[in-house]
Amino acid sequence: MSKKILNVGMLGCGFMGRTHSNAYCQVNHFFNTPYQPVLKACYGREEDQEALKKFQEMWGYESVETDWKTLINRKDIDIVDVVSPNFLHKEMVLEAAKAGKKIICEKPLAMSYAEAEEMVKAVEKAGVPNMVSFNYRRVPAISLIKQIVDEGRIGRPFHYRAVYLQDYTISQKVPSGGAALWRLSAKIAGSGVTGDLLAHSIDTAEWINGPIAKVSAYTEVFIKERRNSDTGEMEKITIDDACMFLAVFQNGSMGTFESSRYARGRKNYSTLEINGELGAAFFNLEEPEYIEFFRYADPKTGQKIEDHLTGWQKILVTNGEHPYMKNYWVPGTTIGYEHTFINGLADFLFSLDGGAKFSPDVKQAARTQKVCDAVIQSAKEQRWIELS
Ligand SMILES: NC(=O)c1ccc[n+]([C@@H]2O[C@H](COP(=O)([O-])OP(=O)(O)OC[C@H]3O[C@@H](n4cnc5c(N)ncnc54)[C@H](O)[C@@H]3O)[C@@H](O)[C@H]2O)c1
């Protein structure tokens, strides 16, 4: 099959610039998509020229730009990939929509729900295909939990529990601003762990367990001042370092969500568990090739399965019948973090050519933003916030 060329403009050259570039390079090695991505141009700030040059050489971009508007409006760019800090997402997506480009945007979609709504309007008006990179949905084991829930194997859900923990900001010496640490500045990141980490947990939770009806949150800022590495000045820290919230889902189940960058020992520890009448499932990102599943009753009859093997089963999610896995190696061999981006890109490219509609798009990601905003508002006002 001859493939259609898809010229990529990458707006950022950091961590996500690398994961997305890798996905474009790898996607057709594993999925026979209708498109051939070409790494046409990448953008970095004036002050990031050294990093940009290295990025261009390592991934093979044909050219570089130091002005993102120029890059977006180049006639030879088909798809704009927004992998910049959060405060730039809105302007970049609006410009890309105006230019009629296909859009991929990193999470969180925006700094606030108001921004997200503006982005949805612009993208829908332009009618351009779009995707938001909530890549954890595409961990095969998490996709398998979604399948198990949809098959009725959990039954009526009672509890949903999500945890997302890191520990890299514990020292007072960690500055705010600059590469990766822009996450500590409210004007660049919007929120702290809520938008950065819990947005993933919320997206996955609503995908698996349906919409959240209301939330009650508590947030904490443990270190209230840091030196900003861009300005050299001390900066007041207002983003949430840690956040816990209670949720009630529309289906009547209860949720707890916890996230922190102060959980000593935890690097990128993300778990979810759902407990229902007929069964339960658990996932831990530190063992991403496994799920644990507790089968209590037959989903067809609702009757307890009477045998002596009842208990948690640890299932290695590497068989051809498991989500995405037939595209990789043989059963028993594992894939990793980078493959979640490859799986997402493959689904998106197929959706451009008559395949299943891609999810989440900006509209669905705006919903996640709405929940994030409700969490922050709840913590501020110390009360439950209802979500429409
Ligand atoms: N899907 C995921 O799991 C995941 C993981 C990490 C980050 N992200 C998201 O991806 C986006 C980019 O994050 P990242 O980890 O790649 O960041 P990064 O710091 O590694 O890279 C950011 C890039 O943006 C550019 N930039 C422009 N203005 C900047 C500014 N004022 N400060 C710093 N850099 C600036 C830099 O040149 C750099 O190339 C964010 O929206 C983040 O939330 C998503």
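Within the stretch 212-231, being of a type outside the set (S, T, Y), touching a residue at least 60 places away in the same chain (Cβ under 8 Å) and surrounded by fewer than 20 Cβ atoms within 10 Å (Cβ to Cβ) holds for A213, K214. Being assigned to a loop (DSSP other than H, G, I, E, B) and at pLDDT 95 or above is a condition met by at least one residue of the stretch 1-9.
As a summary of the residue check, T169 satisfies the conditions (1) touching a Lys or Arg at 6+ places or on another chain (Cβ under 6 Å); (2) farther than 21 Å from V248 by Cβ; (3) within 12 Å of the ligand (Cβ to nearest atom); (4) not acidic (D, E) except for the one numbered (3). Quick check on the stretch 232-242. Is at least one of its residues over 23 Å from F158 (Cβ atoms), surrounded by fewer than 24 Cβ atoms within 10 Å (Cβ to Cβ), touching a residue at least 60 places away in the same chain (Cβ under 8 Å) and more than 23 Å from the chain's Cα centre (by Cα)? For the stretch 232-242, residues over 23 Å from F158 (Cβ atoms), surrounded by fewer than 24 Cβ atoms within 10 Å (Cβ to Cβ), touching a residue at least 60 places away in the same chain (Cβ under 8 Å) and more than 23 Å from the chain's Cα centre (by Cα): present.
Condition first: crowded, with 18+ Cβ neighbours inside 10 Å and in a loop (DSSP other than H, G, I, E, B). Can you find one or more residues in the stretch 117-127 that meet it? No; the residues of the stretch 117-127 include none that is crowded, with 18+ Cβ neighbours inside 10 Å and in a loop (DSSP other than H, G, I, E, B). For the stretch 248-284, name all the residues that are surrounded by fewer than 19 Cβ atoms within 10 Å (Cβ to Cβ), touching a residue at least 60 places away in the same chain (Cβ under 8 Å) and aliphatic (A, V, I, L, M). Once the filter is applied, which keeps residues that are surrounded by fewer than 19 Cβ atoms within 10 Å (Cβ to Cβ), touching a residue at least 60 places away in the same chain (Cβ under 8 Å) and aliphatic (A, V, I, L, M), the stretch 248-284 yields M254, A263.
Selection within the stretch 173-200: residues that are basic (K, R) and more than 8 Å from the ligand (Cβ to nearest atom). The member of this set that is farthest from the chain's Cα centre (by Cα) is K173. Residue-level check: of (1) assigned to a helix (DSSP H, G or I); (2) more than 22 Å from G192 (Cβ to Cβ), K75 misses just (1). Taking each residue of the stretch 15-31 that is farther than 10 Å from L345 by Cα and without any contact (Cβ under 8 Å) to a residue 60 or more places away in the chain and looking for partners that are within 16 Å of the ligand (Cβ to nearest atom) and not in a helix (DSSP H, G or I) with beta-carbon atoms closer than 6 Å, six or more apart or interchain, yields nothing.
If you check A199, A179 for being part of a loop (DSSP other than H, G, I, E, B) and either within 27 Å of L345 (Cα to Cα) or touching a Cys at 6+ places or on another chain (Cβ under 8 Å) (or both), only one passes: A179.
The sole residue among E106, E47, E65, E91 that is charged (D, E, K, R), under 17 Å from the mean Cα position of the chain (by Cα), within 13 Å of the ligand (Cβ to nearest atom) and not assigned by TED's automatic domain parsing to the domain that holds G210 is E106.
The values are calculated or read from the model by the stated rules, or taken from the named source; none is laboratory data. As the structure is a computational prediction, the values presented were derived from the model and not from experiment. When we count neighbours, we look across all protein chains shown, and the Cβ atoms used for this are built from the backbone with ideal geometry, even at glycine.
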